[in-house]
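Here the structure comes first, spelled out in structure tokens, and everything after it is commentary.
The values are calculated or read from the model by the stated rules, or taken from the named source; none is laboratory data. Everything numeric in this text was worked out from a predicted model, so none of it was measured. Don't worry about glycine lacking a Cβ; one is built from the backbone with ideal geometry, like all the others, and counts go over all protein chains shown.
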Amino acid sequence: MKRIKKWRQQAVRHFFETLFLWLAPPYDTQVVQDQLPNQLKNRMLYIVKDDGLFEQAAMLCPCGCNRVLHMNLLPDEHPYWHLTQYKDGTASLYPSVWRKMDCQSHFWFLRSRVHWFREKNEESQGS
């Protein structure tokens, strides 16, 4: 009985997450020269370009804590993220973004959408 209840909870969660991804608009991507604007907008991925190079990606944390997340795009410095821009205007970052302090948000940014990361421990609780 516990397994059925757990499976049902996971199915409902998956349904609503999929529905949210389908209904919520993707993030916009904006390339800015030299530095970030003073105030960042929600649901916007900023790409800072300086001297012809993409230096960093930045966004407000999608959890709602309003912290600015900075992802280094220069492979000479660590850690760094790989940015992929697509013809349809969407973007992806690799690897996942994990804020290890404060809100501890952990997500993948794929094709301008946030896909929350769930640990296997969280998925297997209650077995």
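When P26 is tested against (1) more than 20 Å from H115 (Cα to Cα); (2) at pLDDT below 95, only condition (1) is not met.
Looking across segment 64-78, just one residue is under 12 Å from the mean Cα position of the chain (by Cα) and without any contact (Cβ under 8 Å) to a residue 24 or more places away in the chain, and that is H70.
Of the residues that make up segment 9-17, is at least one outside any loop (DSSP other than H, G, I, E, B), of a type in the set (V, I, T) and in contact (Cβ under 8 Å) with a residue 24 or more places away in the chain? Reasoning before the result, please.
Filtering segment 9-17 for residues outside any loop (DSSP other than H, G, I, E, B) gives 9-17.
Still in the list and also of a type in the set (V, I, T): 12.
Among the residues that remain, those that are also in contact (Cβ under 8 Å) with a residue 24 or more places away in the chain are: none.
Checked segment 9-17: no residue is outside any loop (DSSP other than H, G, I, E, B), of a type in the set (V, I, T) and in contact (Cβ under 8 Å) with a residue 24 or more places away in the chain.
Please report, ordered by residue number, the strands (runs of 3 or more DSSP E) entirely within segment 44-83 with at least 2 residues that are touching a Ser or Thr at 6+ places or on another chain (Cβ under 7 Å). Steps first, please.
Details: elements: 44-50, 53-60, 68-72.
Qualifying strands (runs of 3 or more DSSP E): 44-50.
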